[in-house]
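Asker: Sharing a structure below in structure tokens format, with a few things to ask.
Quick note: the coordinates plus some simple rules give every number you see, no bench work behind them. As the structure is a prediction and not an experimental result, all values here were calculated from the model. Neighbour counts are summed over all protein chains in view; Cβ atoms, including those assigned to glycine, are modelled from backbone coordinates with ideal geometry.
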């Protein structure tokens, strides 16, 4: 396994950015099938032209899911994650369309001891998902449980 940072090595304010990934037609279609969300503005190209977005839009939760993958596997330094335990104040700020390319910016936020399990500590990631125009399309805080050394 590649070297990963442990809870003790994380410092508030440290930032990292992931590699980029383009959201594809296949992503949207597959997410429809997995989630059961076949809302017309995701699948109806003709109808979506009359929507508030003017074209088909990717599912917000699809974009969030892609962001988790980018943060885990396409970002350095990697962190010794024990669990992703929740979202705080997650916002969908702008649409993501088929063909848009996104990346994740992670800033280490608040850290706290884990009284129940000394093998891991709590950490908040301040996350921004940006598109190819550097526009923030999603943002919020991910609550993480991070492995401790030893």
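Asker: Among 43, 102, 127, whose mean-square fluctuation peaks in a Gaussian network model of the chain (Cα, cutoff 10 Å)?
Answerer: It is 43.
Asker: What does the extension gain come out to for residue 122 and residue 72, with contour length at 0.36 nm per residue minus their alpha carbon separation? Numbers along the way, then the final one.
Answerer: Working: separation 50, 0.36 × 50 = 18.00 nm, distance 1.68 nm.
My answer for the length gained is 16.3 nm.
Asker: So how far apart, in nm, are the two label points at residue 114 and residue 29 if each is 7 Å from Cα heading toward Cβ?
Answerer: 4.0
Asker: Oh, and also: With a 10 Å Cβ neighbour count serving as the proxy for reagent exposure, in which order, fewest first, do 142, 40 appear?
Answerer: Numbers: 142 21, 40 12.
The most exposed by this proxy come first: 40, 142.
Asker: Here is a further query. Quick check on the stretch 7-147: what does the Kirkwood estimate of hydrodynamic radius come out to from the alpha carbon pairs, in Å?
Answerer: Details: mean 1/r = 0.0623 Å⁻¹.
Evaluated on the stretch 7-147, it is 16.1 Å.
Asker: Please identify, among 118, 77, 95, the residue showing maximal mean-square fluctuation in a Gaussian network model of the chain using a 10 angstrom Cα cutoff.
Answerer: 118
Asker: Test of understanding: what is the full-extension gain from residue 51 to residue 83, defined as 0.36 nm times their sequence separation minus their Cα-Cα distance? Don't jump to the answer; show the numbers that get you there.
Answerer: Numbers: separation 32, 0.36 × 32 = 11.52 nm, distance 3.75 nm.
Using 0.36 nm per residue and subtracting the Cα-Cα distance, I get 7.8 nm.
Asker: Please identify which residues in the stretch 64-108 have an amide N closer than 15 Å to a label point set 7 Å out from the Cα of residue 9, following the Cα→Cβ vector.
Answerer: 75-82
Asker: Give the separation of the Cα centroids, the stretch 17-38 to the stretch 76-125, in Å.
Answerer: If you average the Cα positions of each part, the centres end up 20 Å apart.
Asker: What is the ratio of the Cα radius of gyration of the stretch 66-133 to 2.2 N^0.38 Å, where N is its residue count, to two decimals? Don't skip to the end; give the middle numbers.
Answerer: On the way: Rg = 14.1 Å, N = 68, 2.2 N^0.38 = 10.9 Å.
Relative to the 2.2 N^0.38 Å estimate, the stretch 66-133 comes out at 1.29.
Asker: Sticking with this one: Of 18, 89, how do they rank once you tally other Cβ atoms within 10 Å and put the fewest first? Please report the intermediate quantities before stating the final value.
Answerer: Working: 18 21, 89 8.
Listed from fewest to most nearby Cβ atoms, that is 89, 18.
Asker: Quick one: compute the contact order of the chain, relative version, from alpha carbon pairs under 8 angstrom and 6+ residues apart, as a percent.
Answerer: Working: 308 pairs, mean separation 46.6, N = 150.
Normalised by residue count, the contact order of the chain is 31 percent.
Asker: Let me have the 222 nm mean residue ellipticity of the chain computed from DSSP H runs of 4+ only, each contributing -39500 (n - 2.57), with the sum over all residues rounded to the nearest 500. Present the calculation step by step, with values, prior to reporting the outcome.
Answerer: Numbers: 4 runs with 33 residues, N = 150.
So the helix-based figure for the chain works out to -6000 deg cm²/dmol.
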